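Take a look at the structure set out below.
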Amino acid sequence: MINRSILRRGGVYLLLLLPMLFFNCCTSTTNSVPPMAHTVEIKDMKFQPQELWLNSGDTVVFINRDMVAHDVTEKNKAWASPPLLTGQSWRKVITESTDYYCSIHTVMKGKLSVRVQ
């Protein structure tokens with residue numbers, strides 16, 4: 001015969017364990033999109049595309065395809081690339097929307113727009 005105290009103890013453990021199992025099995029996780037890499041080409045004295053839509057955590061790779069050096073500077077100077085010579089690239093993980101420009105050629109401007117999820 002099974003000891004009743006063992007059954008009671010097992011029942012208590014089961015009552016404690018069930019909510020945890022239910023919580024772990026039935027809670028939904030956010031469908032987070034894996035980070036992506038996007039390319040912005042610098043050519044003809046422009047950032048192309050001039051505006052880029054992306055998700056927070058995505059990486060932007062800036063590639064200088066122009067004949068002169070350029071850089072990428074956040075509008076409030078929170079971050080900036082070094083000067084990029086022809087063929088050089090620089091990458092940055094983006095977490096929020098911002099405008100940017102080339103501090104060498106201030107007429108060159110771009111925008112990074114982070115989608116709200």
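Every read-out reported here was derived from the displayed coordinates using simple, explicitly stated rules and does not represent laboratory data. Note that this is a predicted model, so its numbers are computed, not measured. Virtual Cβ from ideal backbone geometry, glycine too; neighbours counted across all protein chains shown.
Assorted remarks:
- Loop-located chymotrypsin sites (Phe, Trp or Tyr not before Pro) in the stretch 49-117 (DSSP state not H, G, I, E or B) with no more than 14 neighbouring Cβ atoms inside 10 Å: TRP79.
- Listed residues THR59, ASN76, CYS102: farthest to the positive end of the dipole of the stretch 45-105 (Cβ charges): CYS102
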